[in-house]
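Data first, discussion second: the structure below is written as structure tokens.
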Protein chains: 2
Amino acid sequence: MIPARIIERKRNGEVLTPSELEAFLLGYLDEDVQEPQMAAFLMAVYFRGLDPRELDTLVDVMLHSGGVLDAHGIGGPVVDKHSTGGVGDKVSLPLAPLAAALGLVVPMISGRGLGHTGGTRDKLESIPGFRTDLTTTEVMRVLERVGCVIAGQTEQVAPLDRRLYALRDITGTVSSIPLISASIMSKKLAEGLDGLVLDVKVGEGAFIPEEARALELARTMTGIGVRRGVRTRALLTAMDRPLGRAIGNALEVVESVECLRGEGPPDLRELVLELGAEMLGVGGVTEDLGEARARAEAALDSGAALERFRRMVQEQGGDPGLVDDPSRLPKASESAPFRAERAGFVSRVTPSVLGMAIIEMGGGRRKLGDPVDPSVGFMLHVEPGQRIERGETLATVHASDRAGLEVGLKALSAAVQIVESREARAALLPLVSARVEPELDALGAQGGRERDTVLGQRS
Amino acid sequence: MIPARIIERKRNGEVLTPSELEAFLLGYLDEDVQEPQMAAFLMAVYFRGLDPRELDTLVDVMLHSGGVLDAHGIGGPVVDKHSTGGVGDKVSLPLAPLAAALGLVVPMISGRGLGHTGGTRDKLESIPGFRTDLTTTEVMRVLERVGCVIAGQTEQVAPLDRRLYALRDITGTVSSIPLISASIMSKKLAEGLDGLVLDVKVGEGAFIPEEARALELARTMTGIGVRRGVRTRALLTAMDRPLGRAIGNALEVVESVECLRGEGPPDLRELVLELGAEMLGVGGVTEDLGEARARAEAALDSGAALERFRRMVQEQGGDPGLVDDPSRLPKASESAPFRAERAGFVSRVTPSVLGMAIIEMGGGRRKLGDPVDPSVGFMLHVEPGQRIERGETLATVHASDRAGLEVGLKALSAAVQIVESREARAALLPLVSARVEPELDALGAQGGRERDTVLGQRS
């Protein structure tokens, strides 16, 4: 194996054989392939892509560079959901306990916030005492007792992915669909899943905003999943506006608890129910989405899901009392209303502007390891499309000082777009715009036929 | 300057500002930009190219990372020729002394053979005692005494180019036209030239075989030269067959001396005269190519060029007696004739096959630093297009042992293609197929208009 020849072949758009690519990747782990060679290879992949067999080889080598969880002894289908990330996306918090309440085993390994999108671990860690840095033994113990766990990636999971991600981060090769897909799927497959539901965000606040590329990402990831024997589906969901009304770690925990009580914003509830129903589907519990959805609604409205959440918080070291008394969560010392300067209609609420402002207000990270202030954020009181009056409070900023308030108010001015007439409002994406479901039975070398359903048009 | 952002901009096809690119390159010299970052950048350049301003910045930073020669005190226009390399390309050996005999100062910094193409330094070092590893002081002394010198690159010349070349070599980013152009031109400009003639090879045995890409290389390099104030022209010349009849270091020295005597193969003489005339042109001696050519012919036929060669050999430590007695050169212990199996016409002589065979016979390098046997090689007795009889000796193999002879004979069987009829012969490229001459007076930011002349069609 001559590394430069392999790089050249990929550069020329040729397809590497599994043994060639495996030798190159294992060579990197053994330091026979040097960092600059891998960097050049990743950039060649950025331009040339990877075909399904190459993708599978990359995922396999990443996956087997570390340990794989096995939660099948617990007794339910092992299922997870992964989101590509967005602003106000707190879905995992109600969804993991909901799925557990429905009989699924949910070993949800999550990340921290980076860039303008928030991270599930950061949100949960705003609960006093809550720990996400669990060992594999602790992960299994929480799973056994609760049926779900939300924890960080251990050092043992896909170390090759970790090295490649660090390299991509400094070499301008992050935003490659095959590399993103392989990175996500190697970590998810390390959870030893039977089924996986992917929430691929689309729109301004998504990591990949364009619908066509988001669909490509969804197809690439579901393809990897099914070829690896994991029932995998993806929903394309709206991130052209924030999800729900709360943005900011502690504020989002409060909203998640509301959702678990059967309350909270309708878009959050809707997405949690849709994803919950899909999880029952990929878990093999029921293929009837209507029935699955009804079961999910019942678990949410009965308090069964909330009860699982309470137990998960307790098992992971957090204060379960917050479920009944949200004032136990960190609270920002300052707050200020953001008022409408004129009457009209809310046309847009631009997610990335609010996400970036939270970083500046101390509630997010510029780089890995930065401390995070869980209390800061925004509560939106209106949503896109809605009619408003002059002077109406459209949002509240929560900050740790006056400077933070200023940042927040300025961000709201930039993010919230008001138009005069109903007709002038921007078109919005449907909450769920497409569903990607490769057929598990009909998989050839190319990953099988896919059944994409486009579920809605811009409303 | 955030290296990953600069890599991303280049990756996206944006044009970097001179200060951005300079900061990135200087950052690399200062180790603020890491090796994997430069590797990813080079791969992005492979796919996206460099615009003329970016090219100039790269060349300038490479050039000024080291020292620049100044041979203007010697008294003639300082002019050089550079070839992109081929099989049997010994043009530099007769051309440098010819140009010196015509009043030019020729500080020819040359490379070693790598891959299937030979290197001027290796050819000259087959002369007993001949040294090419000269210090700058020695280069200047030979130039003062002879008017020409052929030596290797010193450590002081363009160290950034040296680092980038080593990195490109291991990362599959060698064959990028802007990177090749910048690398060649930074080294050539470090000779402090008034004029430069580029011999860009085209055809099977060339580094870049395709005519269109070779033309692009010629335009890119001449553009860099003229924008840097150096009169630069390029000829596209044929490398779809070997140049001359001798292939192999010592054999090529013998043929070069024949050329300097006004003898030797006509294609070698023709190319030496054409390039010599162009050197007089870019040196500002005469713009009349007919007159320049006549002067070059006279210097070759009068023995003036041979006399310069003899002095250069002497000044660089070699045995000048070889000029009168070629038997002083290393001679292979074994030789064997390669005979025609049937009558017909020679259709092709494939250069790379013979070049690669010489490596296997010990006369070339697999990697830098390998020792070279100067005596091995091929003498061709026929040329493409020629009629031959059954049993006729088409070539002679020179090798150091029986195994080498076998390799050589096998290579000739593969390289020499015989067809039955005159009509079935392959089309050959004209010796000089195009001439690229950017206008020095009309240079805008885009490098000025170019005057390309297509000089011939496939014969």
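The values are calculated or read from the model by the stated rules, or taken from the named source; none is laboratory data. Keep in mind the model is a prediction, meaning the values are calculated, not measured. Ideal geometry is used to build each Cβ from the backbone, glycine not excepted, and the neighbour counts take in all protein chains shown. Remember, those area values only see protein heavy atoms, side chains included, never the ligands or the DNA or RNA. Shrake-Rupley method; radii C 1.70, N 1.55, O 1.52, S 1.80 Å.
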Quick one: accessible area per residue over region A:1-53, 1.4 Å probe, rounded to a whole number of Å²? 43 Å²
Amide hydrogen neighbours beyond the local backbone of B:V149, cut-off 5 Å, H modeled: B:V106, B:M108
Buried by at least 30 Å² relative to the chain on its own: which residues of region A:38-61 qualify, computing accessible area with a 1.4 Å probe on protein heavy atoms? A:A40, A:M43, A:Y46, A:F47
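Which value at 222 nm does chain B reach when only helices count, each DSSP H run of 4 or more adding -39,500 (n - 2.57), with the total divided by all residues and rounded to the nearest 500 deg cm²/dmol?
-13000 deg cm²/dmol
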Compute the label zone of A:I2 within region B:349-381: residues whose backbone N is under 13 Å from the point 7 Å along Cα-to-Cβ. B:356, B:360, B:365-368
Computed FRET value (nearest 0.05) for A:D325 with A:E420, which takes r as the C-beta separation and R₀ as 41 Å: 0.40
Tell me, which residues of region A:143-182 get at least 50 Å² less accessible area when the other protein chains come in, versus the chain alone (1.4 Å probe)? A:I170, A:G172
Roughly how tilted is helix B:177-189, in degrees to the nearest 10 and between 0 and 90, from the longest Cα axis of chain B? 90 degrees
Accessible surface of A:R387 in the full protein assembly, 1.4 angstrom probe, to the nearest 10 Å²? 130 Å²
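Ignoring ligands, DNA and RNA, please state the percent of accessible area on region B:1-133 from carbon and sulfur, probe 1.4 Å.
Values: 2060 of 4340 Å².
Using a 1.4 Å probe with all protein chains present, region B:1-133 comes out at 47 percent carbon and sulfur.
Going from most exposed to least, what order do A:D32, B:D60 have by accessible area with a 1.4 Å probe? Don't skip to the answer; put the middle values down first.
Working: A:D32 105, B:D60 45 Å².
Correct descending sequence by accessible area is A:D32, B:D60.
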Relative contact order, percent, of chain A when contacts are C-alpha pairs under 8 Å separated by at least 6 residues? 18 percent
Cα pair count fraction exceeding 40 Å, expressed as % - the protein assembly as shown: 52 percent
Roughly what % antiparallel, to the nearest 5, for the DSSP beta bridges in the protein assembly as shown? 60 percent
Mind checking the per residue accessible area of region B:241-347 for me, 1.4 Å probe, whole number of Å²? 38 Å²
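Roughly to the nearest percent, how much of the accessible area of region A:304-453 is carbon and sulfur, given a 1.4 Å probe?
On the way: 3450 of 7370 Å².
Within region A:304-453, the accessible surface is 47 percent carbon and sulfur.
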Accessible surface, 1.4 Å probe, highest first, among residues A:D199, A:D301, B:D373: A:D301, B:D373, A:D199
So if the hydrodynamic radius of chain A is defined as the Kirkwood radius over C-alpha pairs, what does Stokes-Einstein give as its diffusion coefficient at 20 °C and 1.002 mPa s, in µm² per second? 95 µm²/s
Sort region A:32-134 into rounded, prolate or oblate with this rule: let a ≥ b ≥ c be the square roots of the eigenvalues of the Cα gyration tensor; rounded if a/c is under 1.5, and if a/c is not under 1.5, prolate when a/b is larger than b/c, oblate otherwise. prolate
Please list, ordered by chain and number, the residues whose modelled amide H lies under 5 Å from the amide H of A:H82; skip anything fewer than 5 residues away on the same chain. A:V197, A:L198, A:D199
Find the accessible area per residue for region A:59-143; the probe is 1.4 Å, ligands and nucleic acids are left out, and the unit is Å². 29 Å²
Interface buried area B-A, accessible surface with 1.4 Å probe, both sides summed, nearest 100 Å², comes to 1800 Å²
Got a sec? Which residues of region B:1-18 lose 50 Å² or more of accessible surface with every protein chain in place, vs. that chain alone, 1.4 Å probe? B:R11
For the Cα atoms of chain B, what angle does the longest principal axis make with the long axis of helix B:304-315, in degrees from 0 to 90, nearest 10? 70 degrees
With the full set of protein chains in place, find how many percent of the accessible area of region B:135-176 is carbon and sulfur; take the probe as 1.4 Å. 54 percent
Compute the angle between helix A:402-415 and the longest alpha-carbon principal axis of chain A, please, reported from 0 to 90 degrees and rounded to the nearest 10. 80 degrees
With a 1.4 Å probe and all protein chains kept in place, how do A:K10, A:K410 rank by accessible area, largest first? A:K410, A:K10
Taking H as built 1.01 Å from N, whose amide H comes closer than 5 Å to the amide H of A:L394, not counting residues under 5 places away? A:F338, A:R339, A:A340
